[in-house]
1. Hey, can you tell me all the residues within the stretch 99-137 that are open to solvent by 60 Å² or more (accessible area, probe 1.4 Å) and aliphatic (A, V, I, L, M)?
2. Do any residues in the stretch 81-103 that are of a type in the set (A, V, I, L, M) and modelled with pLDDT under 90 have Cβ atoms under 6 Å from those of residues that are open to solvent by 60 Å² or more (accessible area, probe 1.4 Å) and not in a strand (DSSP E or B), where the two are at least six apart or on different chains, and which pairs are they?
3. List the residue pairs whose Cβ atoms are under 7 Å apart, where the first residue sits in the stretch 113-137 and is at negative phi, the second is open to solvent by 60 Å² or more (accessible area, probe 1.4 Å) and part of a strand (DSSP E or B), and the two are 6 or more positions apart or on different chains.
Amino acid sequence: MKILVIGFALVAAGCASGGGGGGHHAEHVAPAPAASGGTEGEAMGGGGEASGPDHQPEVVHSGKSWKLGWDEAQARYKKGERCGGGDAPDQVLGAADQHNEMQVGRDKVATWGFRFPQGTLLIRCRADHVEVTRTLK
């Protein structure tokens, strides 16, 4: 068991210090540990559900925090309010989860989507004024 740990440490150190060239770098994968049974009791390593080679750690996203809360954002972006330049939702609330801009005739139409715990707040602006504010759950 010690030999596997030392071998893995040497391979990892060699990969970390061997950078330098700008060529393609091959991925090194450590070999699976040999299944050796102990004389008494169970083998080291457990073998539980989370120790298999197919197990990947679970990523939990905590979400973004916005400069305005849910209620303040809905009150700020009612139909007809300004939403251009410094009043744009991404300037006031922070970076949007979704953003789309397009040209409709002579008007620029921009749509922002912000994910709050209460639902997704969609704000659509046409010619620098709020056209629609909707909540998706």
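The values are calculated or read from the model by the stated rules, or taken from the named source; none is laboratory data. It should be emphasised that the depicted structure is a prediction, and the values quoted were computed from it without experimental measurement. Here the Cβ positions follow ideal geometry from the backbone for every residue, glycine too, while neighbour counts run over all protein chains shown. Ligands, DNA and RNA are stripped out before the accessible areas are found, and what is left, the full protein with its side chains, is counted by its heavy atoms. Shrake-Rupley method; radii C 1.70, N 1.55, O 1.52, S 1.80 Å.
1. The answer is MET102, LEU136.
2. If the second residue must be open to solvent by 60 Å² or more (accessible area, probe 1.4 Å) and not in a strand (DSSP E or B), the pairs left are LEU93/LYS67.
3. Filtered contacts from the stretch 113-137: GLY113/GLN98; THR120/LEU136; LEU122/ARG134; LEU122/LEU136; HIS129/ARG82; GLU131/ARG124; VAL132/ARG124.
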